[in-house]
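Here is the structure we will look at.
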Amino acid sequence: MKQSGVNDVRQGRERGQAGWVVSIVAAAALLAGCGGGTGADSAAASSATEQADSGSRSKSAALAVRPTGTSKWGNADTPLPTHAQAVRFLSQASFGVKETDAARLMTIGYAAWIDEQLAMPANGNYYYARYKEEDAAAKGGGTRPRAGADSVISSFYTRALTAPDQLRQRVAFALSQILVVSTMDVNGENTAAVASYMDMINRNAFGGYRRLLEDVAMHPAMGDYLSHMKNRKEDTLTGRVPDQNFAREIMQLFSIGLVQLNIDGTPKLDPDGRALPTYTQDDVIGMSRVFTGFSWGGPDQSEQRFFGGVVDTERVNTPMQAYAKFHSVLEKKFLGVTIAPQATADPAASLRVALDTLAAHPNAGPFIARQLIQRLVESNPSAAYVRRVATVFNNNGAGVRGDLKAVVRAILLDGEARSTKGLVSDSYGKLREPVVRLTNYLRSYGATSDSGKYLITNTDDPGLQLGQTPVRSPTVFNFYRPGYVPPTTMAGAAGLTVPEMQITNEASVAGYVNYMQQVVDYGVGQRGIDNLGTRMDVQVNFTTEVAMATDATALTNRVTGKLLPDQTAVELKAQIVEGVNSIILPPLKVDGSNAAFIETMKRKRVNFAVLMTLASHEYIVQR
């Protein structure tokens, strides 16, 4: 997918080589002279404009060549992947490509690698256990009164960069962007609940969708975030009605979407060509009555506990429980289902009917399938691709609905994901979101942490940082909407969905390159646990690259080979070589007095080659 209007590096090359060479050589001079400079000017991109997400897909995708096929890559007679194919697959299925992972994949093949990953046990208590440990340390005399969101963010990076179950981590991140809670709107005790929520998402990443939906609905982090915790039944005397927030979002965002869908994800239309809505306000009202009478879990159902007056240390890590006293007994009608008035309040029964209805809804398969494809493989999947994956969601082959293991396997082994035809289609692929750009670089270079805790924290600022922080979405709609079509771009003109473009603008384009320059030069993260250390916590080792720095071609091949598939553009390599050669290495003096300076200049060559690769269209766009 072309990153239209985003990167002057790409635009300059499309206009002609001269402008690109000038900018890249100028950047090299800046790097050589002062250790600064981004190496590329950043172009304006369209400001993210909110657009209603109908789950629809543009007809214009048919204008481009689309890869087709089924899951033949899972067959026993499938050829083992080449290095380029392994890198491409791991870019979709992990947080970054380590050579050891690529070698393993090339030895056993796609299906066997997926089987190994699916069989790995989940570390289902990592986030919460670490949060408690760091909270105790803070209260015991640290520089902060208690642990906070930074603990959750650093836990994410620790798992993304070091966990062996990479597929689980990548899928859990995708699910966390569909079933959103955010540290941006919580603090104190409830930050610990977000840590617990991330553990829950990891445990459920390869489980059943119905189970996941219930665990999400009953988690105290979600109860706090979308305000259905302590939600009470209607009161005709005061005019109180049940809170509708979660009832609306569990339908709109977590399960079935706004419009009725065909199994291929395209909208169902009325005779006038208008999309048919999935639910009405009456459905929201009926569903809101279901989500009354749930609050903090514990050994009793006292009114004091319901309202939060009983504070158990583990309540943020305990599913919410039902309090019949506060549950609506009125008729509950939604999505064609009716729960009759209850003589005795039965919140558990109401919940079961509601979640069963959502999980069995015909929209659930295509709605969830399309978003997972977008998060792992491509922004604008074909209707046929969505149909194939949604079919697996509906039935994993053994009569089981919502089997996320089967869904993930279907996504990664589908012909549209594996075919090389996508490499020549302008409508294929996805922008790597900023967080994944960073993790891919750090994993590719085997980043280590001085503290062992990978203390990467808030990177919200789009002008100076990534413009994205894990588990810190600004709204329940995630950082970007799945149906976002970027205006005033080539993709927008073609009607293609490019969700990540919603957080792409002038500031974020320049901010990413400037931030990554600092990361390449100095490492990333806090300067130790209390931020009082001498260097950034997360570092990569460029020893091999520095030793190759006298040979610009060898250095460029080494760097691009680690960060890009083997189909690296010859033009890009040539331009990086030219830029590297513009950083002059003086001859060593007889007395060796300039040896340290030469080593510094070698490192600048390495930094330049790495940064130019990270800023390139070939890296930013995942094919």
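Some observations on this one:
- For the stretch 355-425 and the stretch 546-580, distance of Cα centres in Å: 36 Å
- Normalising the average separation of contacting C-alpha pairs (under 8 angstrom, six or more residues apart) by the number of residues puts the relative contact order of the chain at 23 percent.
- The stretch 526-619: C-alpha gyration tensor shape, a/c 1.5 cut-off, then a/b vs b/c: oblate
- Remark on PHE294: its backbone amide H falls under 5 Å from those of LYS230, ASN231, TYR323, a criterion applied only to residues 5 or more positions apart or on other chains, H modelled at 1.01 Å from N.
- The ellipsoid equivalent to the alpha-carbon distribution of the stretch 78-211 has semi-axes of 33, 16, 12 angstrom, derived from the gyration tensor eigenvalues as √(5λ) and listed largest first.
- Listed by chain and number, the lysines whose alpha-carbon sits under 25 Å from that of LYS453, ignoring those within fewer than 8 places in the same chain, are LYS98, LYS132, LYS139, LYS562.
- The chain - accessible surface per residue (Å², probe 1.4 Å): 37 Å²
- The calculated FRET efficiency for LEU423 paired with THR78, based on their beta-carbon distance and R0 = 22 Å, is about 0.75.
- Its Kirkwood hydrodynamic radius, worked out from the mean inverse distance over all distinct Cα pairs, puts the stretch 377-500 at 17.3 Å.
- 0 to 90° range, to nearest 10: angle between helix 99-108 axis and the chain longest Cα axis: 70 degrees
- ASN594 versus LEU269: modelled label distance in nm, points set 7 Å from Cα along the beta carbon direction: 7.1 nm
- Of the trypsin sites (Lys or Arg not before Pro) found in the stretch 455-545, no site is in coil according to DSSP while having at most 10 other Cβ atoms within 10 Å of its Cβ.
- Karplus-derived HN-Hα couplings along the stretch 520-530 (A = 6.51, B = -1.76, C = 1.60, θ = phi - 60°), whole Hz, x at Gly and Pro: 5, 6, 10, x, 9, x, 5, 8, x, 4, 9
- Full-extension gain in nm, ALA136 to ALA493, via 0.36 nm per residue minus C-alpha separation: 123.2 nm
- Accessible-area ranking of THR236, THR183, largest first, probe 1.4 Å: THR236, THR183
- Computed [θ] at 222 nm, helices only, for the chain once each DSSP H run of length n ≥ 4 contributes -39500 (n - 2.57): -14000 deg cm²/dmol
- Here the Karplus relation 6.51 cos²θ - 1.76 cosθ + 1.60, evaluated at θ = phi - 60°, turns the backbone of the stretch 486-502 into coupling constants of x, x, 6, 10, 4, 5, x, 4, 8, x, 8, 7, 9, x, 5, 5, 5 Hz, with x for every Gly and Pro.
- ALA569/TYR522 FRET efficiency (R0 25 Å; Cβ-Cβ; nearest 0.05): 0.30
- For the stretch 153-298, the spread of Cα positions along each principal axis, largest first, Å: 51, 45, 25
- Spin-label zone in the stretch 364-405 - amide nitrogen under 14 Å from a point set 7 Å from the Cα of ASN262 along the C-beta vector: 366, 382-388
- Value of Rg to Rh for the chain (Rh from inverse mean 1/r over Cα pairs, i.e. Kirkwood): 0.99
- Taken along the Cα-to-beta-carbon direction at a fixed 7 Å, the label points for LEU237 and THR553 span 8.8 nm.
- The label-point distance for THR475 and VAL400, in a model that sets each label 7 Å from Cα toward Cβ, rounds to 3.7 nm.
- Think of each Lys and Arg Cβ as +1 and each Asp and Glu Cβ as -1; about the Cα centre, that makes the dipole of the chain roughly 820 debye.
- Percentage of interatomic Cα-Cα distances in the stretch 428-583 larger than 22 Å: 53 percent
- Percent carbon-and-sulfur accessible area, the chain, ignoring ligands, DNA and RNA, probe 1.4 Å: 55 percent
The values are calculated or read from the model by the stated rules, or taken from the named source; none is laboratory data. Predicted model only: the values in this text are computed from it and were never measured. All Cβ positions, even for glycine, are placed from backbone atoms using ideal geometry, and neighbour counts span all protein chains on display. Note: accessible area is taken over every heavy atom of the protein model, side chains too, but ligands, DNA and RNA are not part of it. Shrake-Rupley method; radii C 1.70, N 1.55, O 1.52, S 1.80 Å.
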